[in-house]
Structures are given as C-alpha cells and as structure tokens.
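Written out below as structure tokens is the structure these notes cover.
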Amino acid sequence: MEDPGPEGPGVRRGAAAIAVLAAACAGVPGARAETFRETFERPITRPIGDALADSIGHALPITAASAGVTFSFNKESHAWERETDILGQLYLERPRPLGRGKLNLSVSYQWVRIDTIDGEDLDRLSDTRFPIVDPKNGRLFTVPRFGLDLETHQVTTSVTYGATDDLDLNLTIPLLYSRFGTNVIFRDVATGQEQRARVRSSKVGPGDLFLRGKYRLLHGAWGDLAAGLVLRAPAGNQDNFQGTGAWEPAPMLYAATPSLSLGHGVGLQAYANGGVELNADDVERSAGRFGLGLDCAVKERFTAAVAVLGREPFQGIAPPGFFDVARVDPRTGRRFTAPVLGLERDRASTYDLSLGGRVNLWHDTVFGFANVILPLNRDGFRSDVIPLVGVEAAF
C-alpha cells in the first residue's frame, strides 16, 4: 500500500486542487500584469476590472475652468479693473468671463482614494454565503476576502484665456500617480485549503485632457447666463484607471445671481450649472451633470463656498448579468447564478457636498484655494473625502 505520508496522494490532491483554483479563479496580479486592469484577467474577476476601468475616470473630479477673479474695462480710466468679488467655487463655473486678453494659470493637487463600492468597504469585500462554481473544473470555492486598494495623487494645470469680452477658452491637463493593490483569499470548499495573494503596483501618466469654452449670453440686473462646451479627450490610460477611454463632449449652461450685500463687506452670490456629458462611443453611457452653490465673500479678500454636485448616468454600470457567477446552495444542492461579491449593476448616481474657498494672497494677482468633497450617497465607487489645495495667478 502506498504511504499516505506528507507526499501521499491525499496531500497531492489537495495541493493540486489549490493550484487549479489559483490558476482558474484567483485573478490576482502577477509578473505578467502590465496594467491594473490585467490584474483581473480570469473569468470570475474580469467583470470587476471592467467596472473599475469604466467608472474610476469619472470618480476623479476636475476643477472648474473659471478664474478666481474677473476683469472689466473702465472706459473712463481706459484701464482694466478687477471685479470686487472673488469666486469661491472650485467645481462650479461662473458665467462671467475672465476679460479680453487676460490670462489665468492655476496649479492644484488633489488626493482621491476609492473607499467604498455601494457602501461596502472596498478593502473588505467577501463572498462566502453560497460557494462559487469554478467554470473550468467545477470545484466549489468561497472568497473570505477580496480587498482592493486604489488611490490617486492628481496634479492639475489649468490655463484660461479671455479671447473676447464674452468668450473664455481653457486647457486643463492632469498628471496622475496611481497606486493599486489587492489582498485576496480564496478557499476550496472540499479541502478547506486557502490561496492568498497580496500585491501592489503603481503607475504614472496623464489623465484625460480637457478643452473648455464659455460664452456669456446674458448680463443684467437679474444675473448672468453663459453657455459652455467641455470636450474630454481620452488621454488617460483607462486600463490603469486614469481615464474614461472615450471622447466626451458636454454642452453646459452656467448661471449666477447678482451679488447680495449683507453689509460690513459681506456678500452672497448663488450659482447653478447643468448639462449633459455625452459618450461618443455609446450615447446610452452618457450622464447628466448639475450643481448648485453659494458663495460668501468677505471684504474682497476671502470667499467661502458650499455646493452640491450631482451626476446621473443614463444607464447602469454594466449590462444585466454582467457580474453573475454560477453558484451552489450547500443545503439543497440547487444551482443558480448571482453577482460575484454582491456587486450591483444599477445606475450609480453620485451626489457630493463641496466645501472650500479662495483667498487673495498677493496684490489681486496671486490667489490660494482649498476644498474638500464629501459624499452625500454611496452608489458606485466612492471616496470618503477628496481634499484639494492649489494656487493661481491672473495676468
């Protein structure tokens, strides 16, 4: 009889089962994974990588093109004069143009860490209730842990030029440093043995390029109104979760009320933005965008801002059945399908609260700004907080 010792057939069968499980289902990054998306190369995990690649680009906010200050020409003095109010909004556009021949340059740093998906901790996902069927060999396994770690350090340069008294043009270029990691455990139901993997990777590259234009349509006692066009060019690598992978034109409208003086150098002004973000590859993947904000200016030196920002996709993040995997009910033996890790394909509507402001640092020319974005809901891939700091100069 063959010796069933350490190298006996029972141990070899268990080791072989884990090897098959790792090869067929793990989907964790190895030496061959050149992009973040290739981390999810196996059939069971590939939909997760696809969802991240399609979603993360829109989870990286881009600051507004509007300058912190605007200028108007004084016909009596024949000189350009700075308007009294400083824009506090960092993610809402104002309809008032910068001023003919004026230039505004800003540089900002933003940190974005993806913390949750549909309210679940991204680093503590699991799938253990109903075992998953290996599509290659039929073995059953569970996922006690499927942890993902994704953070992006974003440095954005934005240049706005006043082409005419009513027209502004803007170029925005983000540079991204992204870090991605996995911490996964797969457990073979028959043997109880586990396969663990913990891997880290990082990438540096450009984000999507933004070309923006704004034309003031109305200016009067009731406020200002402007039409805008935003063109998002897919310069970022979608497979490294640094871009959307599609051309996205977005017609927009920007409105603002007149500034309301409260006395003692304090003034209030409200803003509203709205439009449609069109996906040139698939119009059904387009989304509506909107924002409402309020500025509080203090003595022409500092302006605080609060805003609610929203994005409403036209459809879910994936087609029906995209995340489904074959499963077995261990009590009855019934086979059925259900989403891996409990992921949902529904529309991921996002609502955020933006808090920030600008301050005049030097002679109405150099301004500093800071902002935080906080989630108001938990649909899709979300961050607990997105901080932003930056500086800009007007010439």
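Relative to the longest principal axis of the C-alpha atoms of the chain, give the angle of the C-alpha long axis of helix 46-55, reported between 0 and 90° and rounded to the nearest 10°.
It is inclined by approximately 0 degrees.
Considering only protein heavy atoms and a probe of 1.4 Å, how much of the accessible area of the chain is carbon and sulfur, as a whole percent?
Of the solvent-accessible surface of the chain, carbon and sulfur hold 59 percent.
So if each residue of separation counts as 0.36 nm, and I subtract the Cα-Cα distance between Tyr177 and Asp50, what length gain in nm does that give?
43.7 nm
Taking a spot 7 Å from the Cα of Leu103 along the direction of its beta carbon, which residues of the range 369-395 have an amide N less than 16 Å from it?
The answer is 392-395.
Cα centroid distance between the range 333-395 and the range 261-279, in Å?
One Cα centre to the other: 19 Å.
Can you work out ³J(HN,Hα) from phi for every residue in the range 104-115, in order, using Karplus 6.51 cos²θ - 1.76 cosθ + 1.60 and θ = phi - 60°, giving whole Hz and x for Gly and Pro?
Going residue by residue, I get 10, 10, 10, 10, 9, 10, 9, 10, 10, 10, 7, 9 Hz, with x marking Gly and Pro.
What list of ³J(HN,Hα) couplings, whole Hz, do you get for the range 309-316 from phi and the Karplus terms 6.51, -1.76, 1.60, once you set θ to phi - 60° and write x for glycine and proline?
Along the range 309-316, the couplings run 10, x, 9, 10, x, 6, 8, x Hz.
Using 1/(1 + (r/R0)^6) with R0 = 22 angstrom and r between the beta carbons of Asn377 and Glu344, what's the FRET efficiency to the nearest 0.05?
FRET efficiency, Asn377 to Glu344: 0.95.
Taking Cα pairs under 8 Å and at least six residues apart, what relative contact order does the chain come out at, in percent?
Normalised by residue count, the contact order of the chain is 18 percent.
At 1.4 Å probe size, what's the solvent-accessible area of Tyr161? Round to the nearest 10 Å².
Rounded to the nearest 10, the figure is 100 Å².
When the solvent-accessible surface of protein heavy atoms is calculated with a 1.4 angstrom probe, in what order do Asp379, Asp295 fall, highest first?
Asp379, Asp295
Check cross-link reach from Lys299 to the aspartates and glutamates: straight Cα distance under 20 Å, and skip same-chain residues fewer than eight apart.
Cα-Cα hits under 20 Å: Glu81, Glu83, Asp85, Asp364, Glu392.
Quick one: if you take sqrt(5λ) for each eigenvalue of the C-alpha gyration tensor of the range 102-240, what semi-axes come out, biggest first, whole angstrom?
Rounded to whole Å, the semi-axes are 48, 17, 13.
Determine how large the accessible area of Ser106 is when every protein chain is in place; take a 1.4 Å probe and give Å² rounded to the nearest 10.
Around 20 Å² of this residue is reachable by solvent.
Between helix 9-21 and the chain, what is the angle of the helix's C-alpha long axis to the longest principal axis, kept within 0 to 90° and rounded to the nearest 10?
Around 20 degrees separate the two axes.
Charges at C-beta only: +1 for Lys and Arg, -1 for Asp and Glu. How large is the resulting dipole of the chain about its Cα centre, in Debye rounded to 20?
Charge dipole, the chain, about its Cα centre: 500 debye, nearest 20.
Let's test the formula: R0 of 30 Å, r as the Cβ-Cβ distance of Ala393 and Leu209. What FRET efficiency results, to the nearest 0.05?
With a Förster radius of 30 Å, E is 0.85.
Go through Ala256, Gly205, His219 and say which Cα lies farthest out towards the positive end of the charge dipole of the range 138-260; charges sit on Cβ, +1 for Lys and Arg, -1 for Asp and Glu.
Looking along the dipole axis, the top candidate is Gly205.
For the chain, what is the accessible area per residue in Å², given a 1.4 Å probe and the full set of protein chains?
Using a 1.4 Å probe on heavy atoms only, each residue of the chain averages 46 Å².
Given R₀ = 22 Å, FRET efficiency for Val266-Val155 by Cβ-Cβ distance, to 0.05? Display every interim value, and only then the final one.
Working: r = 34 Å, r/R0 = 1.53.
Rounded to the nearest 0.05, the efficiency is 0.05.
List every residue whose amide H lies under 5 Å from the amide H of Val276, counting only residues 5 or more places away in sequence or on a different chain, with H placed 1.01 Å from N in the peptide plane.
Arg289
Note down the nm distance, to one decimal, between modelled labels 7 Å out along Cα→Cβ at Arg331 and at Ala227.
6.2 nm
Based on the Kirkwood radius over alpha-carbon pairs, what is the Stokes-Einstein translational diffusion coefficient of the range 281-384 at 4 °C with 1.567 mPa s viscosity, in µm²/s?
74 µm²/s
Quick check: residue separation of Leu217 and Glu284 times 0.36 nm, minus the Cα distance between them. What number comes out in nm?
21.1 nm
Whenever you get a sec, line up Tyr215, Tyr109 from highest to lowest accessible area (probe 1.4 Å, protein heavy atoms).
Final ranking, largest accessible area leading: Tyr215, Tyr109.
Using alpha carbon centroids, what distance separates the range 156-200 and the range 133-152, in Å?
The range 156-200 and the range 133-152 have Cα centres spaced 21 Å from each other.
Taking the dipole about the Cα centre of the range 277-391, with the C-beta of Lys and Arg at +1 and of Asp and Glu at -1, give me whichever of Pro330, Leu361, Ser349 is farthest to the positive side.
So the residue furthest toward the plus end is Pro330.
In nm, what is the difference between 0.36 nm times the number of residues separating Tyr351 and Leu169 and their Cα-Cα distance? Intermediate values should be presented prior to the final figure.
Working: separation 182, 0.36 × 182 = 65.52 nm, distance 2.78 nm.
So the chain would gain 62.7 nm between Tyr351 and Leu169.
Applying the Karplus parametrisation 6.51 cos²θ - 1.76 cosθ + 1.60 with θ = phi - 60° to the phi angles of the range 170-175, what ³J(HN,Hα) value in whole Hz is obtained for each residue in order, glycine and proline being reported as x?
Each residue's phi maps through the Karplus curve to give 9, 10, 10, 10, x, 10 Hz.
Need one value: the accessible area of Lys136 in square angstrom, 1.4 angstrom probe, rounded to the nearest 10.
Its accessible surface works out to 140 Å², give or take rounding.
The values are calculated or read from the model by the stated rules, or taken from the named source; none is laboratory data. Everything numeric here is computed off the predicted structure, so don't read it as measured data. With ideal geometry, Cβ positions are generated from the backbone for all residues, glycine too; neighbour counts draw on all protein chains shown. Side chains are part of the model used for accessible areas, which takes the heavy atoms of the whole protein and leaves out ligands, DNA and RNA. Shrake-Rupley method; radii C 1.70, N 1.55, O 1.52, S 1.80 Å.
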